[in-house]
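Coordinate-derived values only; no laboratory data. Predicted model, so just to flag it, every value in this text is computed and none were measured. Every residue, glycine among them, receives a Cβ derived from its backbone with ideal geometry; neighbour counts consider all protein chains shown.
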Amino acid sequence: SGAPTKSYNSVLESAAGGDMRERGGGGNFKLWGGRFGESTAALVEALYLPADARVLRRLLDLAGEYANGADRTTVPVTQDDLATLAGTTRGTVNRVLRREVERGAVELARGRIRVLDTDGLRRRVRG
């Protein structure tokens with residue numbers, strides 16, 4: 001796939017709550033305030049959305065970042081990193097992805113996931 005619209009590290013930093021360089025002293029209240037809504041949404045998602053759906057949402061988020069207009073998008077992410085982003089375990093991510101491989105929605109390779117059917121993934125997230 002083409003160059004991502006955001007770097008993978010920026011996606012990880014966003015999920016972690018902001019640019020790691022801005023986490024030092026100084027009490028950046030504006031940054032904290034801006035992240036509060038995101039943190040609240042993530043907490044609600046973690047409490048009320050099943051892990052399978054969280055995995056698919058994070059994969060769709062990443063696929064959106066790496067999409068270049070093509071129908072299929074290769075996302076350079078490990079299952080461990082996807083588990084961290086989804087707030088679950090690698091075992092859960094592996095189970096969810098294997099099921100999606102059987103459905104023909106993704107292909108797996110070392111350190112990469114190729115998304116073949118974003119519409120199907122979206123439908124399953126919405127349940």
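Sort 109-119, 70-80 by the packing proxy (mean of other Cβ within 10 Å over each peptide's residues), most packed first.
On the way: 109-119: 14.7, 70-80: 16.5.
The peptides rank, most packed first, as 70-80, 109-119.
Near GLU107: Cβ cut-off under 10 Å, other residues only, Lys/Arg at +1 and Asp/Glu at -1. The net charge is +2.
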